[in-house]
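Readers should treat all values here as calculations from the given coordinates under stated rules, not as data from a laboratory. What you are looking at is a predicted structure, and each value in this text was computed from that prediction instead of being measured. Please note: Cβ atoms are built from the backbone with ideal geometry, for glycine as well, and neighbour counts cover all protein chains shown.
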Amino acid sequence: LHLSNSTMSEEPNNPKISNESEAEIKKRSPSDFLKAVLGRPVNVRLNSGTNYRGVLACLDGYMNIAMEQTEEYVDGQLKAKYGDAFIRGNNVLYISSQKRSK
């Protein structure tokens, strides 16, 4: 194998091909991510800039969300705590995973 200017030469059994297939195996779709975070702490950001932190209980194809142990943050400040919260999907900007707290 000959390396020149950070490129690999065209030789049989080029390891670059196996690296690409490994990367494809590691790819995760948004659906995979959502399945992985069900029942776990998440941060949901709304289009308005408000954040909700809590445990993702369930969601549907419209991104309607049910959360438990939910806290509402506006401008980084805790504004309210809710046992359960339901968020309409068209208001959701993104969902991110959150490290478990306490």
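Before moving on, here are some points about what is shown:
- Working from label points 7 Å from Cα in the Cα-to-Cβ sense, the LYS35 to TYR73 distance is 2.9 nm.
- Among the trypsin sites (Lys or Arg not before Pro) in region 24-78, those placed in a DSSP loop whose Cβ has at most 11 other Cβ atoms within 10 Å are LYS27, ARG28.
- Cα-derived Rg to Rh of region 23-88, Kirkwood definition: 1.04
- Each distinct pair of alpha carbons in region 50-98 adds a 1/r term; the inverse of their mean, the Kirkwood radius, is 11.0 Å.
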